[in-house]
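The values are calculated or read from the model by the stated rules, or taken from the named source; none is laboratory data. Please read all numbers here as calculations on a predicted model, not as lab measurements. Please note: Cβ atoms are built from the backbone with ideal geometry, for glycine as well, and neighbour counts cover all protein chains shown.
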Amino acid sequence: MTMAYTNSSLVAYTKLSPNHSGARTHSIDRITPHCVVGQCTAEGLGDWFAKSSTQASSNYGIDKDGRVGLYVEEKNRSWCSSSNANDQRAVTIECASDTSEPYAFRDVVYQKLITLCVDICCRN
């Protein structure tokens with residue numbers, strides 16, 4: 001299976017992480033949003049994912065101000081959801097959130113998540 005994967009044009013910041021498994025083994029058919037559990041910036045999340053010791057990544061992140069970061073290209077499997085089967089088929093998105101339950105997103109983050117999900121669906 002060879003697909004011509006593309007990345008979102010909504011990206012405002014790019015810092016590619018070494019923490020990924022290379023090319024996907026399954027086509028994209030789902031999106032997995034995840035809470036960062038912190039009101040981070042796109043740059044701060046990129047710095048964290050850039051460390052091999054972090055042993056984690058996501059395809060995208062949405063920071064506290066609604067800016068989209070690209071950390072693992074869509075063609076590659078991120079290390080986000082602790083599930084190889086899910087990460088092989090999902091575009092993963094870390095979203096800035098509060099640090100305590102219910103880990104709420106700011107409205108600007110939630111609105112950008114909707115916009116990014118629509119973009120991912122239209123391209124895949």
Does the range 52-86 hold any residues that are of a type in the set (S, T, N, Q) and either touching a Leu at 6+ places or on another chain (Cβ under 8 Å) or within 21 Å of Ala12 (Cα to Cα) (or both), and which are they?
Ser57, Ser58, Asn59, Asn76, Ser78
From the residues in the range 19-36 that are under 14 Å from the mean Cα position of the chain (by Cα) and in a loop (DSSP other than H, G, I, E, B), which one is surrounded by the fewest Cβ atoms within 10 Å (Cβ to Cβ)?
Ile28
Within the bounds of the range 92-105, is there any residue that is within 13 Å of the chain's Cα centre (by Cα) and among the aliphatic types (A, V, I, L, M)?
yes
How many of the residues in the range 57-72 are surrounded by fewer than 17 Cβ atoms within 10 Å (Cβ to Cβ) and either modelled with pLDDT under 95 or closer than 14 Å to His20 by Cβ (or both)?
0
In the range 53-83, what count of residues is obtained for those that are polar (S, T, N, Q) and either free of Cβ contacts under 8 Å to residues at least 24 places away in the same chain or touching a His at 6+ places or on another chain (Cβ under 6 Å) (or both)?
6
Number of the exception - Ala85 against (1) surrounded by 22 or more Cβ atoms within 10 Å (Cβ to Cβ); (2) more than 15 Å from the chain's Cα centre (by Cα); (3) among the aliphatic types (A, V, I, L, M):
(1)
Residues satisfying the stated conditions in the range 37-56, i.e. crowded, with 24+ Cβ neighbours inside 10 Å and in contact with a Ser or Thr (Cβ under 6 Å, 6 or more places away or on another chain)
Phe49
Residue count, the range 1-18, condition in a loop (DSSP other than H, G, I, E, B) and in contact with a Gly (Cβ under 6 Å, 6 or more places away or on another chain), comes to 1
For the range 8-30, state whether one or more residues are more than 17 Å from Thr99 (Cα to Cα), in contact with a Pro (Cβ under 8 Å, 6 or more places away or on another chain) and not hydrophobic (A, V, I, L, M, F, W, C).
no
The one condition in (1) of a type outside the set (Phe, Trp, Tyr); (2) assigned to a loop (DSSP other than H, G, I, E, B); (3) touching a Ser or Thr at 6+ places or on another chain (Cβ under 8 Å); (4) under 23 Å from Tyr5 (Cβ atoms) that Ile93 fails to fulfil:
(2)
For a quick check of your reading: which strands (runs of 3 or more DSSP E) sit entirely within the range 40-87 and have at least 1 residues that are under 15 Å from Thr25 (Cβ atoms) and charged (D, E, K, R)?
76-78
